[in-house]
Amino acid sequence: MVTKGNKLYEGKAKIIYETDNPDLLIQYFKDEATAFNAQKKGVIKEKGVMNNAISTRLFKLLEDEGIKTHFVEKLSEREMLVKRLEIIPVEVVVRNIVAGSLAKRMGLEEGTPLKEAVVEFYYKSDELGDPMINNYHIRAFGLAKDEELEAMVESALKVNDILKKFFDERGILLVDFKLEYGRHHGEILLGDEITPDGCRLWDKQTLEKLDKDRFRRDLGKIEEAYEEVLRKVLS
């Protein structure tokens, strides 16, 4: 059993604590919600509890399918024990259906299916608004080595295949999602979380949004949407 230490970092949705094991950290899930690069702020009741439970289930699923992640174990309702990562400042977004910024950029209607999954990269920087970048930027600025980026893309596409099937079986469309990766003793591991905060999830029949877009777009019934995802993920 690890002992919780000092607060290492506090972000928009989580707090990271050190432990008495330098290789392990505690990830605490908050109820606070932000959108539009923290220009919009609010609280989603019990979001931290739900996101911890959802992430735990999905990380276990991915580990069982051979995806290497930072997940170690769920410690409490809001706390998860994870491996310490040197985070690579490149967010990997995988898209299956046109939505959000892709709809605006391409002038397409939300809900348009893509012929194949699209992978995008964004520079992880709140100050700059997480700008979209490509592999040339990543190489030129030394954000990740070629082989690291290749491993991240390969992992992200495998994660997409696994999660698409998992959600489909539960009546949910995996529209798109964001992943973060980090280095751990020479290995590239999936980190952060997998929740309705970073995934677009739509009801397969009604196309009702079951994710943070309900908060972004003032659609209401935010907690109910997260509860629905949690119920189906744990089923």
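The values are calculated or read from the model by the stated rules, or taken from the named source; none is laboratory data. Model, not experiment: these values are computed from the prediction. Glycine also receives a Cβ, built like all others from the backbone with ideal geometry; neighbour counts cover every protein chain displayed.
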- In segment 68-113, which residues are without any contact (Cβ under 8 Å) to a residue 40 or more places away in the chain and surrounded by 15 or more Cβ atoms within 10 Å (Cβ to Cβ)? F71, K74, V98, A103, E110
- Test: E228 is assigned to a helix (DSSP H, G or I) and surrounded by 13 or more Cβ atoms within 10 Å (Cβ to Cβ): yes
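Hey, among D211, D176, which residue is part of a loop (DSSP other than H, G, I, E, B), of a type outside the set (G, A, S) and either farther than 23 Å from F71 by Cα or touching a strand residue (DSSP E or B) at 6+ places or on another chain (Cβ under 7 Å) (or both)?
Checking each option against the conditions leaves just D211.
Within segment 66-90, track down each residue that is touching a strand residue (DSSP E or B) at 6+ places or on another chain (Cβ under 7 Å), assigned to a loop (DSSP other than H, G, I, E, B) and under 14 Å from E187 (Cβ atoms).
Within segment 66-90, I67, K68, H70, R84, L85, I88 meet the criteria.
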- Which number in (1) basic (K, R); (2) surrounded by fewer than 21 Cβ atoms within 10 Å (Cβ to Cβ); (3) at pLDDT 95 or above marks the one condition that K40 misses? (3)
- Of the numbered conditions (1) at pLDDT 95 or above; (2) within 21 Å of A33 (Cβ to Cβ); (3) out of contact with any Leu (no Cβ under 8 Å at 6 or more places or on another chain), D192 fails exactly one; give the number of that condition. (3)
- Number of the condition not met by F167 [criteria: (1) surrounded by fewer than 19 Cβ atoms within 10 Å (Cβ to Cβ); (2) assigned to a helix (DSSP H, G or I); (3) of a type in the set (A, V, I, L, M, F, W, C); (4) in contact with a Lys or Arg (Cβ under 9 Å, 6 or more places away or on another chain)]: (1)
- Message: Return the residues of segment 203-212 that are touching a residue at least 40 places away in the same chain (Cβ under 8 Å) and within 17 Å of the chain's Cα centre (by Cα); say none if nothing qualifies.
- Response: K212
- Message: Out of E79, E32, E65, I need the residue that is among the charged types (D, E, K, R) and either assigned by TED's automatic domain parsing to the domain that holds L163 or over 27 Å from G5 (Cβ atoms) (or both). Which one?
- Response: E65
- Message: Given the condition among the small types (G, A, S), over 19 Å from the mean Cα position of the chain (by Cα) and not in a strand (DSSP E or B), answer yes or no: does some residue in segment 104-121 qualify?
- Response: yes
